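Worksheet: one structure, shown below.
The values are calculated or read from the model by the stated rules, or taken from the named source; none is laboratory data. The structure presented is a predicted model; accordingly, all values stated were derived computationally and were not measured. Positions of Cβ are generated from backbone atoms using ideal geometry, with glycine treated the same way; all protein chains shown enter the neighbour counts.
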């Protein structure tokens, strides 16, 4: 240990440069316009507009491993707003510290002083202190230095407490003498005098009311320093120029949202998670769709596992506890249908890629399944080599149903063959559909379907004419559709069936007559009963969006013993 601590000598330059080594442009000044910060003298670097190259140094005794504090006053005499820069270097057996300090005048007053400090730990019995003028200009301003001293550190106590709520976790940026950097109020830390300490309080703290299951959000309001308002920012700093008492003040308030739910544009059938985050997660959540509460959506995440067109709209979430409530920013969900562009070819081949013998023509005098135009392959006895394709948006992992109307215009009863290829990341399906003509120049139409599971965000649908003859017969195509097939639903295809029973059959009623019923459009039928929650959701969806399906529905006011769930089949 050093037997007696002395530090630097002649730190206020009252004895001129005694004890110091000098070089470059600097001088001792003591008369106006110079105003020393301590005593009657100071050092003026680059005075008289000289080059800023002054160097001032002194070596003093230190104890290796001991921490010291260098304190000094850096000043400026200026007649403009340019800055001056002073580099401070401390070195022993190696460079201990090197740091620059910048100063410029404040307002129009020419003289200004700033008190600065720098802590360091010695690594040898002697430490060299060097001040260097590294200013970029000296025109009409001087860099000043005064009151240089070395002190052993003085321990100062930092007491951290909170009011409005107990046991608040507070983080302290710099470790104290024991290595602590955080604590739960109330706690105390010890620092060397002159240290600047940064404290961070949480934006909010949740308080639970025992046995009631309630929570209260307490919002940060301000810091008090020694009982006086100090800072309204929860991240604040305090200089340890004495013992300090810092108190974080909290008051009840609504939860603080840290992450708003984000809108999205997705393809029908995709999975989507809407998410919101708050500082205090132990709060209540109520998600809403177009302002209507969604039953069961009571967590920070709202998952839609199979997005439907009817679910496009605005979502937000009401978050609250006993401290108050807050509504999140709206998140707009846009749902794009997995459908074909110009599916009925009313705009000719717009949206489609065609090659070979394939063309768009009117179906007159015969009726087209959709609109007035159809696609004719190998028309006019041309070679059966037509290819027609389109890329549609799909959601990976979702099952789709491709539907189309295949037709034959024939003067014979020969067969026409249409191959369907579905390609995503891999070949998903390939199937040939056949249809025979009925002769007499008549058109025969038949609805066809092909189910597949998408493996990418885009699926290429290709129609290929694979007929073996085109003599007096044409292959036709119209009304191409794509629909999402929902899990739990079974497809009921269009067709004719016999409804009712005949006399003698079990449960036959006297007024019952067996008769044929034709279903012109396919639909989906759910295989199990639905829950009350699903019924409420269906009621809300159908009340607001049934027109978007282009269907008319009559809804009961409550579930029947074996209720049905309907989805448009599009056929």
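Taking the condition exposed (fewer than 13 other Cβ atoms within 10 Å of the Cβ) and touching a residue at least 60 places away in the same chain (Cβ under 8 Å), does residue 155 pass?
No; evaluated as a whole, the condition is false for this residue.
Cβ-Cβ below 9 Å, separation at least six or inter-chain, first residue in the range 290-303 and in contact (Cβ under 8 Å) with a residue 60 or more places away in the chain, second surrounded by fewer than 13 Cβ atoms within 10 Å (Cβ to Cβ) and outside any strand (DSSP E or B): which pairs?
295/532; 295/533; 296/533
Name every residue in the range 243-254 that is part of a strand (DSSP E or B) and either within 21 Å of residue 207 (Cα to Cα) or in contact with a helix residue (DSSP H, G or I) (Cβ under 7 Å, 6 or more places away or on another chain) (or both), in order of residue number.
247, 248, 249, 250, 251, 252
Please determine, by comparing only the residues of the range 255-286 that are assigned to a loop (DSSP other than H, G, I, E, B) and at pLDDT 90 or above, which one is farthest from residue 399 (Cα to Cα). Before the answer, list the steps.
Let us first name the residues in the range 255-286 that are assigned to a loop (DSSP other than H, G, I, E, B), namely 255-256, 260-263, 268-271, 276, 279-283.
Imposing the further condition that a residue be at pLDDT 90 or above reduces the set to 260-263, 276.
Working: 260: 32, 261: 28, 262: 26, 263: 24, 276: 30 Å.
Taking the candidates together, the pick is 260.
Could you please let me know if residue 296 is at pLDDT below 90 and more than 20 Å from the chain's Cα centre (by Cα)?
No, not satisfied.
Where residues in the range 300-313 are part of a loop (DSSP other than H, G, I, E, B) and surrounded by 15 or more Cβ atoms within 10 Å (Cβ to Cβ), which of them is nearest to the chain's Cα centre (by Cα)? Explain how you work it out, then say what you get.
Pass one, the range 300-313, residues part of a loop (DSSP other than H, G, I, E, B): 300, 305-308, 312.
Going one step further and asking which of them are surrounded by 15 or more Cβ atoms within 10 Å (Cβ to Cβ), we end up with 300, 306-308, 312.
Values: 300: 14, 306: 22, 307: 20, 308: 23, 312: 20 Å.
Of everything passing the filter in the range 300-313, 300 is nearest to the chain's Cα centre (by Cα).
Might you check whether a residue that is under 27 Å from residue 158 (Cβ atoms) and loosely packed, with under 14 Cβ neighbours inside 10 Å occurs anywhere in the range 280-299?
no
Please identify the pairs in which a residue from the range 421-446 that is not assigned by TED's automatic domain parsing to the domain that holds residue 405 and modelled with pLDDT under 95 has its Cβ atom under 8 Å from the Cβ atom of a residue that is surrounded by fewer than 18 Cβ atoms within 10 Å (Cβ to Cβ) and not in a strand (DSSP E or B), counting only partners at least 6 apart or on another chain.
Short answer, once both residue conditions are applied: none.
Of all strands (runs of 3 or more DSSP E) completely enclosed by the range 374-446, which ones contain at least 2 residues that are touching a helix residue (DSSP H, G or I) at 6+ places or on another chain (Cβ under 9 Å)?
The strands (runs of 3 or more DSSP E) meeting that bar number zero.
Within the range 450-471, is there a residue that is surrounded by 15 or more Cβ atoms within 10 Å (Cβ to Cβ) and touching a helix residue (DSSP H, G or I) at 6+ places or on another chain (Cβ under 8 Å)?
Yes: the range 450-471 contains one or more residues that are surrounded by 15 or more Cβ atoms within 10 Å (Cβ to Cβ) and touching a helix residue (DSSP H, G or I) at 6+ places or on another chain (Cβ under 8 Å).
Is it true that residue 146 is outside any loop (DSSP other than H, G, I, E, B), under 30 Å from residue 75 (Cα atoms) and in contact with a helix residue (DSSP H, G or I) (Cβ under 9 Å, 6 or more places away or on another chain)?
No; evaluated as a whole, the condition is false for this residue.
For the range 191-214, give me the residue count where each residue is outside any loop (DSSP other than H, G, I, E, B), surrounded by fewer than 19 Cβ atoms within 10 Å (Cβ to Cβ) and at pLDDT below 90.
4
Out of 139, 174, I need the residue that is in a loop (DSSP other than H, G, I, E, B), without any contact (Cβ under 8 Å) to a residue 60 or more places away in the chain and surrounded by fewer than 20 Cβ atoms within 10 Å (Cβ to Cβ). Which one?
Unique residue meeting the criteria: 174.
Please state which one of 135, 167, 117 is modelled with pLDDT of 95 or more and either farther than 20 Å from residue 38 by Cβ or in the same structural domain as residue 30 (by TED's automatic domain parsing) (or both).
Values: 167 fails: modelled with pLDDT of 95 or more; 117 fails: modelled with pLDDT of 95 or more.
Matching residue, one of 135, 167, 117: 135.
Which of the residues that make up the range 314-326 are under 13 Å from residue 256 (Cβ atoms) and either part of a loop (DSSP other than H, G, I, E, B) or free of Cβ contacts under 8 Å to residues at least 24 places away in the same chain (or both)?
Result: 323, single match.
Looking at 346, 341, 370, which is the one that is closer than 25 Å to residue 267 by Cα and assigned by TED's automatic domain parsing to the domain that holds residue 465?
Numbers: 346 fails: assigned by TED's automatic domain parsing to the domain that holds residue 465; 341 fails: assigned by TED's automatic domain parsing to the domain that holds residue 465.
None of the other options fit; the residue is 370.
Against the definition (buried (at least 16 other Cβ atoms within 10 Å of the Cβ), touching a strand residue (DSSP E or B) at 6+ places or on another chain (Cβ under 9 Å) and not in a loop (DSSP other than H, G, I, E, B)), how does residue 114 come out, yes or no?
Numbers: buried (at least 16 other Cβ atoms within 10 Å of the Cβ): no; touching a strand residue (DSSP E or B) at 6+ places or on another chain (Cβ under 9 Å): yes; not in a loop (DSSP other than H, G, I, E, B): yes.
So residue 114 fails the test.
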